[in-house]
Amino acid sequence: MRKGNPHKGFWFYFGRVMACIGILLLLTILGIYLTVPTYSFKEPRPFEGEYLYNPYQDMNPDQWKKYHFHCHSRKYFGMTNGRKSKETAIDSVYQTLGYDHYGISDYMSINLHGADREDYIPAYEHGYGLIRKTHQICIGAKSVYRIDYPFMQNLNMKQHMLNKLGERSRFVMPAHASFTKGYKVSDMKYLSNYRLIEVVNPYGNAIEHWDMALSNGHRLYALGDDDTHDITNVHEVCRNMTMVNTPDLDPENVYDALEKGLCYAVEFDNWYYFPLTLEQKAKETHELDYLTQAQLVGDTLFIQTSAETMREVQFIGQDGKVLKTEQGVVRAYYVIQPNDTYVRTRIDLNGRNFLYLNPVTRHPTTIVVDRRLDQINWSQTILYWVVYAVALIAFAWYLFKKAKEKKNQSNAN
């Protein structure tokens, strides 16, 4: 005698299998979200103290190198961005442009292309989120951290992710922070334990985010990247870059420079709107004026570049306030006032090329110590975990009882 219901065919059982897979996936994601510890954040305070730290104090103007840390190649059969970007094509384009380093940062994967070169720096872009892209660029990555919170992230999750990624990378950097509001400007008031921020990115600059962090005493340094997805589209390349002051391309020397703030972001603001060829862009990058002086003499900051004249120089301080503007000058200066917590400089070289210098910051002593605001609140975390566990057990018990009742009714019929 044939057992089972003859009407229950392939699609019935296929549906059940898919439903089980969906439930397991949902429970996994739910588990990842619910196991995030709860953090307590100390109230931030602006930079303070008598000592002024100038990140460019050891700068050698003959040692600037052109760097780019955010670029995608074709991966996962083209399912992710990196549409036509073969590694060899990336090499060809950025070598033509005269970059000293062009890092590939694929999604959730460390690309080993170029690992035999002296300048190779392992990196990747972390994050699965599609709606709110709370992504990070991991520079000097030792391994890929597979966990993420793809649908939404609160402040606890963002801080926890920065901490976990920082354990596996030399630097973890919020990427395109303003894009889809993955990072809110208000988040930057409390987030700590990271050094770099992608200030200029074609998908959205993070100037407000940077000033919010600096105004609350977080010593962050600016990087600029193309975030290239289609290397064959000339409009996507050479829109931003990072200048790093390093004697050579040894990654350890580059890391040291980034840690000190011996770098600055470059934005080629109008290049997207004017149809320049790759050769024209290459000519301009090779002739790009660069920083030659950012010197503190007493309390006076002097700024100069290799340009004959700088179109405009802005000195910017607490809360993003413009402290002073000079136009058409060879050399600019600003006398730092006792109430200035930090001073950063934005240079408009010629109306097309813009430099974002890292800030001079105040500290109590010559030994600069960064303040951590985050601390896991273990009592609250354990309480929440117990509540979650009880709720899940109760829900599982309810489902078990309902299934048992349904089975008993079926047997009775």
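What the table shows:
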item: Exclusive hit being touching a residue at least 60 places away in the same chain (Cβ under 8 Å), within 23 Å of residue 255 (Cβ to Cβ) and surrounded by fewer than 20 Cβ atoms within 10 Å (Cβ to Cβ), set 193, 201, 156; result: 193
item: Options 301, 323, 291, 349; residue that is within 29 Å of the chain's Cα centre (by Cα) and more than 23 Å from residue 244 (Cα to Cα); result: 323
item: Unique residue being in contact (Cβ under 8 Å) with a residue 60 or more places away in the chain and among the charged types (D, E, K, R) when the list is 187, 100; result: 100
item: Conditions (1) farther than 23 Å from residue 52 by Cβ; (2) out of contact with any Ser or Thr (no Cβ under 8 Å at 6 or more places or on another chain); (3) buried (at least 23 other Cβ atoms within 10 Å of the Cβ); (4) not basic (Lys, Arg): number failed by residue 224; result: (2)
item: Among (1) of a type outside the set (D, E, K, R); (2) at pLDDT 80 or above; (3) over 22 Å from residue 245 (Cβ atoms); (4) exposed (fewer than 14 other Cβ atoms within 10 Å of the Cβ) - the single one residue 38 does not satisfy; result: (4)
item: Region 250-276, subset assigned to a loop (DSSP other than H, G, I, E, B) and at pLDDT below 95, residue farthest from residue 287 (Cα to Cα); result: 273
item: Close pairs from region 223-240: first under 12 Å from residue 93 (Cα atoms), partner in a helix (DSSP H, G or I) and of a type in the set (Asp, Glu), Cβ under 8 Å, at least 6 apart; result: 228/236; 230/236
item: Qualifying position, being surrounded by fewer than 18 Cβ atoms within 10 Å (Cβ to Cβ) and either under 30 Å from residue 86 (Cβ atoms) or modelled with pLDDT of 95 or more (or both), among 229, 235; result: 235
item: Residues being without any contact (Cβ under 8 Å) to a residue 24 or more places away in the chain and touching a strand residue (DSSP E or B) at 6+ places or on another chain (Cβ under 8 Å) - total across region 241-254; result: 0
item: Inter-residue pairs, beta-carbon under 9 Å, first among the basic types (Lys, Arg) and in region 339-361, second in a loop (DSSP other than H, G, I, E, B) and at pLDDT 95 or above, 6+ apart; result: 344/358; 344/359
item: Residue match in region 209-216 (condition: in a loop (DSSP other than H, G, I, E, B) and either modelled with pLDDT of 95 or more or within 24 Å of residue 254 (Cα to Cα) (or both)); result: yes
item: Count of residues meeting criterion [more than 22 Å from the chain's Cα centre (by Cα), assigned to a strand (DSSP E or B) and either farther than 29 Å from residue 42 by Cα or among the aromatic types (Phe, Trp, Tyr) (or both)] in region 352-371; result: 1
item: Residue ID - farthest from residue 253 (Cα to Cα), chosen from residues in region 107-130 that are of a type in the set (A, V, I, L, M, F, W, C) and surrounded by 15 or more Cβ atoms within 10 Å (Cβ to Cβ); result: 108
item: Some residue of region 383-405 being at pLDDT 90 or above and of a type in the set (Asp, Glu); result: no
item: Flag if residue 170 is over 19 Å from residue 242 (Cβ atoms), out of contact with any Asp or Glu (no Cβ under 7 Å at 6 or more places or on another chain), surrounded by 15 or more Cβ atoms within 10 Å (Cβ to Cβ) and charged (D, E, K, R); result: no
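Quick grid of which residues meet (1) out of contact with any Asp or Glu (no Cβ under 8 Å at 6 or more places or on another chain); (2) part of a loop (DSSP other than H, G, I, E, B):
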residue: 59; (1), (2): yes, yes
residue: 91; (1), (2): yes, no
residue: 94; (1), (2): yes, no
residue: 114; (1), (2): no, yes
residue: 118; (1), (2): no, yes
residue: 131; (1), (2): yes, yes
residue: 137; (1), (2): no, no
residue: 148; (1), (2): yes, yes
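The values are calculated or read from the model by the stated rules, or taken from the named source; none is laboratory data. All figures in this text were calculated on a predicted structure; none of them were measured in a lab. As a convention, Cβ positions derive from the backbone with ideal geometry for all residues, glycine included, and neighbour counts pool all protein chains shown.
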